[in-house]
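See below for the structure under consideration.
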Amino acid sequence: MASSSTSVVVSNKEKENKNTKKVTLKSSDGESFEVDESVAMESQTIKHIIEDGCANNEIPLPNVTSGILSRVIEYCKKHKEAAGESEPSVTSYTSNSTTNPLTEWDTEFVKVDQNTLFDLILAANYLDIKGLLDLTCKTVADMMKGKTPQEIRETFHIKNDYTPEEEAEVRKENQWAFE
Amino acid sequence: MLLSVFTEDLLVRVYIKLGSESDRKTWRLVCKDFLRVDSVTRRSLRVLRSEFLHGLLTKFKNLDTLDLSVCPRIEDATVSVMLSQAVNSVSWTRWVTRLVLSRASGLRYGGLERLVGACPCLVVLDVSYCWVYGDREAWAISSVRGLRELRMDKCLGVSDVGLAKIAVGCGKLERLSLKWCMEISDLGVDLLCKKCLELKSLDVSYLKVTSESLRSIASLPKLEVLAMVGCPFLDDYGLQFLEHGCPSLQELSAMVLYSLKDLKNLNTIRIDGAQVSDSSFQTFSTNCKSLVEIGLSKCVGVTNMGIMQLVYGCVGLKIVNLTCCRFITDEAISALTNSCRNLVSLKLEACDKVTEKSLDQLGSCCLQLKELDLTDCCGVNDKGLKYLSRCSELLSLKLGLCTNISDKGLAYIAHNCIKISELDLYRCTSIGDDGLAALSSGCKNLTKLNLSYCNGVTDRGVQYIGRIGELSDLEMRGLVNLTSEGLTAVAAGCKKLSDLDLKHCGKIDDSGFWALSYYSRNMRQINMSHCAVSDVGLCMVLGNLTRLQDVKLVHLMNVTVKGFELALRACCVRIKKAKLIGSLRFLLSTEILETLHARGCKIRWE
């Protein structure tokens, strides 16, 4: 049985009085976050839960800790606001304009330590938030740009499971076989 | 940490965001899981050596494009190897939509038939420059029912019979190029136009077709692009038919242009060597206001007045080619730049009346300019380059034969046009080492550079070139002051170098070529004619550079016949083209010549 708290809220960005529905999200470590339903629906996973009428008092998210969840919510809020302010076609972070203020915000947003970045990727994947997933994966890809394989292994603590012969084989292929 | 946390599909997402091919190649080397991600996600493969073919095709199962155009020795037997699969595995051919077999003339109808037959999703096929191909190969191609795009440029043996087979078999064809297929006549074209009604783009350049073909072509309901360059038997009578047919015709290349006045949707027109008059431009200006590209290279009758009339109506022009329109002056360029602010490409080769005033106009009005050709424009000077440097979006700049520019002018360009990737300074004799210093500090994106005959350049200047890491194409003909020291600096610094021309650099000896053979692993094409290399140097270069496919080795005075033998033997497996001095034809052993021929290498004798 769905029940949601209704409250009359005038947000800074909205010009008219509106009833904004809220939902509560519960992190894996038991913390609750109340957010506008429209913001929460940036996540396709949550959107489906709500639309299927399964959102009771709270939506539990056992895969996401509170630290990560609060960041994710911050991302969704920011992007939802930006979508509301300008024409829909201009707001995605993937827009070409490098002076787009949202791009700058996104760049700052992903300036976090590696563990947090990976947790954000997992959360974005689990919650199905395309923009965040693209942004965080691109950040990881950018961290690999121009590095040697050994540097990449060191940065991401990856074990080299090639034998010297196998590695030489792949190097040979890279050099002479194709492009 | 990354691996234990990420599933394969997340790794794929990261992989897809990698920007460059070199990053993807590095990715493959990190660990086995990464290698598998690459194998599963890579869509396009351009194979360089046939001995890797089987291994690669076993690894990459999700290809949509396979390009064998630079792979030497593709033959029918190769196809057997390519199609041999483990019984229970999915073949690489499953999703292939695009097959590029350009220049693979070793492949004949048997192999071709099996190869195209194995690819159920094939939609695009390129067999251009397979000059031995004929009707039998056309028959093999006609079995590809879903074919949409076919390029058969220079398939000299294809006749009306072969074309008919294709027309009947490939009814969904949308793009077809028959350039240089000289056996084709009106009959073939007529049948094609009756059967392939989806055709949007057709190239019949250089065919011996007459106006009858134009009548057939004019009936194609969806035609947008038509190329008929150099058709000797075409005349004005035929062109009339285009006036009433082809309602969606968007691009036309032709020798004569009268019948175009009804083509309201025309956005591109290219006419080489045509006779035009001021009234032609009046026509364009009134009727073809959506014109975006106009090519008037070597046209007779292009005047200032004509251009001014043209740009009055056609303000959307982005690409303008005025090569050899010698009567054009600053006045016309001024009108052009004021009207067409979105100009992206401008070619003014041999327009010697153009001065710095025009460049001032360009630098003020056309800031989107990406491509500019000022070859042989002697009116261009340092001041002009200063004005031009305001066009900071410039990607390609040609200043060949501009003898009035010096290092000072080049410095303006080097400091402000930092996106430049292509620069031609052929015979700019006043360019020297200081200009190259400026270039190396400002233009980090330079990939193609021509310094041929800039004989003021010495080793000092060339060493600066070694700092331009992205350089892949370098022409340094006739740099008589260049020694091995300079060449070593370039080889060591420009790791991506793949095309190098050192003709007449007579002071470069073995030590320079040693460096080249050590560092320049990506070298694909080299001209060493008239250099001071000896047997040892030549062997090192031809033996060590495993990607080398095209070599020019004329007038190597210090190389003996034995030296040539050894060197050619070392690379006979991979060389595709070689240019050698004529006397060697009788001095080299028949064995080596036969081996080279059998391996598919084409030798040109000087």
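Just so it is clear, none of the values below were taken in a lab; they were calculated from the coordinates. All figures in this text were calculated on a predicted structure; none of them were measured in a lab. Counting neighbours? That spans all protein chains shown, and the Cβs are built from the backbone with ideal geometry, glycine included.
Things to note:
- Label separation (residue A:169 vs residue A:58): 5.3 nm, computed from points 7 Å beyond Cα along the C-beta direction.
- With 23 Å as the limit on Cα-Cα distance, the pairs of B:298/B:579; B:419/B:448; B:444/B:495; A:147/B:25; B:562/B:602; B:444/B:579 that go past it are B:298/B:579; B:444/B:579.
- Placing dummy labels 7 Å off each Cα toward the beta-carbon, the span from residue B:393 to residue B:182 is 4.4 nm.
- Among residues other than residue B:185 with Cβ under 13 Å from its Cβ, the summed charge is -4 (Lys and Arg +1, Asp and Glu -1).
- The chymotrypsin sites (Phe, Trp or Tyr not before Pro) found in region B:394-455 include none that occupy coil by DSSP while having at most 10 further C-beta atoms within 10 Å.
- Distance-filtered residues of region B:148-163 - backbone nitrogen under 12 Å, label point 7 angstrom along residue B:222 Cα→Cβ: B:148-149
- Sparse packing (at most 15 other Cβ atoms within 10 Å of the Cβ) combined with a DSSP loop state is found for the following trypsin sites (Lys or Arg not before Pro) in region B:307-345: B:326, B:341.
- Those GluC sites (Glu not before Pro) in region B:463-541 that DSSP places in a loop and that have at most 16 other beta carbons within 10 Å: B:470
- Dipole in debye (nearest 20) - chain B, about Cα centre, beta carbon charges: Lys, Arg +1; Asp, Glu -1: 1580
- Positive minus negative residues near residue B:507 (Lys, Arg vs Asp, Glu; Cβ under 11 Å): -3
- Taking other C-beta atoms within 10 angstrom as a stand-in for reagent exposure, A:107, B:595 fall in the order A:107, B:595, fewest first.
- Potential extension, residue B:378-residue B:352 segment - 0.36 nm per residue separation minus Cα distance: 8.8 nm
- Out of every Cα-Cα pair that the protein assembly as shown contains, those further apart than 51 angstrom amount to 27 percent.
- Rg over Rh for chain B works out to 0.99, both radii taken from alpha-carbon positions and Rh defined as the Kirkwood radius.
- Here the protein assembly as shown is treated with +1 on each Lys and Arg Cβ and -1 on each Asp and Glu Cβ, and its dipole about the Cα centre works out to around 1240 debye.
- Proximal charge balance of residue B:391 [Cβ under 13 Å; K/R count +1, D/E count -1]: +2
- Three semi-axes of the equivalent ellipsoid, region B:491-606, Cα gyration tensor, whole Å, largest first: 21, 16, 12
- Fully extended contour minus Cα-Cα distance, from residue B:22 to residue B:557, at 0.36 nm per residue: 188.7 nm
- Cα-based reach from residue A:22 at 29 Å (exclusive), listing lysines while leaving out same-chain residues under 8 positions away: A:13, A:47, A:77, A:78, A:80, A:130
- Spacing of the two label points (7 Å from each Cα toward its C-beta) at residue B:305 and residue B:81, in nm: 6.7
- Under a 5 Å amide H cut-off, with hydrogens placed 1.01 Å from N, residue B:351 pairs with B:324 among residues at least 5 apart or on other chains.
- Nearest-0.05 FRET efficiency for residue B:121 and residue A:148, computed from C-beta distance (R0 45 Å): 0.75
- Cα lying deepest toward the dipole's positive end in the protein assembly as shown, options B:351, A:41, B:16, charges on Cβ: B:351
- Shape of region A:96-179, Cα gyration tensor, a/c cut at 1.5: prolate
- Nonlocal amide H pairs with residue B:478, under 5 Å, H built at 1.01 Å: B:453, B:503, B:504, B:505
- In sequence order, calculated HN-Hα J values of region B:360-367 (Karplus, 6.51, -1.76, 1.60; Hz; x Gly/Pro): 4, 4, 4, x, 9, 9, 10, 7
- Shielding of peptide A:169-177 by partners, expressed as the average count of other chain Cβ atoms within 10 Å per residue Cβ, is 6.
- In sequence order, region B:117-128 has phi-based couplings of x, 7, 10, x, 9, 4, 10, 10, 10, 10, 10, 5 Hz under the Karplus curve 6.51 cos²θ - 1.76 cosθ + 1.60, θ = phi - 60°, and Gly or Pro positions carry x.
- Note on chain B: dipole from Cβ charges, positive end direction compared against B:277, B:122, B:334; the farthest Cα belongs to B:122.
- Taken about its Cα centre, region B:1-151 carries a charge dipole of about 220 debye when Lys and Arg each add +1 at the Cβ and Asp and Glu each add -1 at the Cβ.
- With neighbours defined as other Cβ atoms within 10 Å of a residue's Cβ, the residues B:109, B:133 order from fewest to most as B:109, B:133.
- Segment residue B:364-residue B:94, extension gain: residue separation times 0.36 nm, minus the distance between their alpha carbons: 91.8 nm
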